[in-house]
Each structure stands twice: as C-alpha cells, then as structure tokens.
1. Using DSSP to define loop residues, name the GluC sites (Glu not before Pro) in region A:17-109 whose beta-carbon has at most 13 other beta-carbon atoms within 10 Å.
2. Skipping prolines and chain starts, which residues have an amide H placed within reach, meaning under 5 Å, of the one on B:E4, given they are 5 or more residues away or on another chain?
3. Under the rule of at least 5 residues apart or a separate chain, name every residue whose amide H is placed under 5 Å from the amide H of A:A82.
4. Chains B and A: how much accessible area gets covered up at their contact, both sides added, probe 1.4 Å, in Å² to the nearest hundred?
5. Kindly identify residues of region A:65-109 having a loss of at least 30 Å² in accessible area between the isolated chain and the assembly of all protein chains, probe radius 1.4 Å.
6. To make sure I understand the rule: partners must be lysines, Cα under 19 Å from the Cα of A:K50, and not fewer than 8 residues away in the same chain. Which ones qualify?
7. Just to confirm, what accessible area per residue do you get for chain B at 1.4 Å probe, in whole Å²?
8. Which semi-axis lengths, in whole Å and largest first, follow from the square roots of five times the eigenvalues of the Cα gyration tensor of the protein assembly as shown?
Protein chains: 2
Amino acid sequence: MKPENLFTEAPFNPDKEFLETLAEGTGFKLNRIVSHGHRTPEGQWYNEPKDEWVALLSGKATLLIEDKEIDMTPGSYLFIPAHVEHRVEWTDETCETVWLALYAEPSAQ
Amino acid sequence: MKPENLFTEAPFNPDKEFLETLAEGTGFKLNRIVSHGHRTPEGQWYNEPKDEWVALLSGKATLLIEDKEIDMTPGSYLFIPAHVEHRVEWTDETCETVWLALYAEPSAQ
C-alpha cells in the first residue's frame, strides 16, 4: 500500500482541466481537478444538480458565484449548494491549481 | 459567501487531535483532522466499519497499516478499506499536520 499524491503533475491539455475521480460511492463523488490557466468559457456557468464542497489545495483562482467574486488561495474551501450558478473566472497560468471537489445529493446536506 | 481555510490554526489539546466535520450526507462524512505530535495510544488500533479515504495536506506523519509503515508527506493520500487495522504511529511535534478523511459505507466503494 503506497500513497499517491494530490500534487502529482497532471497531463496538460490547453482546452480542458485535468479531472480524475479519487473516491465514489452511493450519494457522493470526490474529484481531483488540476487547472493551469483554465477558466470556464465566456458566458458559460455551472448549474449542478448536486451540492458541491470545493477546496483549493495549491495555486490560485477566482470563482464567480452568482454575482460574487471569490478569491481562492491554498486551503480555501466553500460549499456551493445545488443549482447555485458559478464559474471559474480565472486560474493562475504560471502553475498548477489543484482542487478537490466533493459532489453529493442535495438532500444529503 | 466567504471561503474558510483548511490551514486555519486549530485549538491545541495535548490529549486529542482536533476534529471537525466539513461535509456530511447519506453514506459519507468528510472530516478535517489536525494533529500536533499526536499519535494513536500505544497498543491501540483503528478498526473502522467504514471505508476511509485519507489525505495529508500539510505536516508529516507515519501511519501503520497492518504491518506496513507508511510515510505521509503533503499531498499523500491513501484508501483504507473497512476493517483494515491501522494506527497513527507518529506526527510531527513541530507543526500542525492537517488531514482530510472521507468515510463511506464499504458497499459504496
């Protein structure tokens, strides 16, 4: 049993953040996301049917949640209820930004 | 909506790690644990009815999982199936060691 590492370099695709599922079960899914200058395309918003707990572990990002800009630095975490519109407005182009996102059934919170 | 931070200093109790639940739902629970030199008492083991996904975010620790010593450094993560005996053998006394632990029903994995 050898640990893996959340900060392992991710394959870079300029068009798309890297995404992998670390744990999954009835009612939840834990994803690791690695951004590198990626942002949600202009005019697009996430409107998820699930609640989301999201943490930024390294790097830097700005989220837009409804009309609020939120700066995320290492360790920042937030709860975004299902159907609250949000987008990734900016991530640092000079380094990897590593996220954990835990999705759950909205009735679960 | 203001983010909280995983690296916020935790109240120190020499007898017990700091523990708080960050998210919880049907079939899962996400805890933040802060150790500061804490270890599982001599001769004691965890034997959990749940699967556990555990990550070390900062600090340093050694886990003992059955008869294997596992060094955990920032970013290290592991999956520990339900009923696999494990203990925290050592955590750094000179700084906080911050963990995330996600517990889930074993059937869920």
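1. Details: sites: A:E17, A:E20, A:E24, A:E42, A:E52, A:E66, A:E69, A:E85, A:E89, A:E93, A:E96; in loops: A:E17, A:E42, A:E66, A:E85, A:E93, A:E96.
Those satisfying the criteria are A:E42, A:E66, A:E85, A:E93.
2. A:Y77
3. Under 5 Å from the amide H of A:A82: A:D51, A:E52.
4. Values: alone 6920 and 6930 Å², together 11000 Å².
Answer for the B-A pair: about 2900 Å² buried.
5. A:I70, A:G75, A:Y77, A:L78, A:L102, A:A108, A:Q109
6. Those lysines meeting the cut-off are A:K29, B:K29.
7. On the way: 5500 Å² over 109 residues.
Result: 50 Å² per residue.
8. On the way: eigenvalues 182, 71, 54 Å².
Semi-axes, largest first: 30, 19, 16 Å.
The values are calculated or read from the model by the stated rules, or taken from the named source; none is laboratory data. A quick note: this is a predicted structure, and the numbers were derived from the prediction, not measured. Note that we place each Cβ from the backbone using ideal geometry, even for glycine, and neighbour counts take in every protein chain shown. Side chains are part of the model used for accessible areas, which takes the heavy atoms of the whole protein and leaves out ligands, DNA and RNA. Shrake-Rupley method; radii C 1.70, N 1.55, O 1.52, S 1.80 Å.
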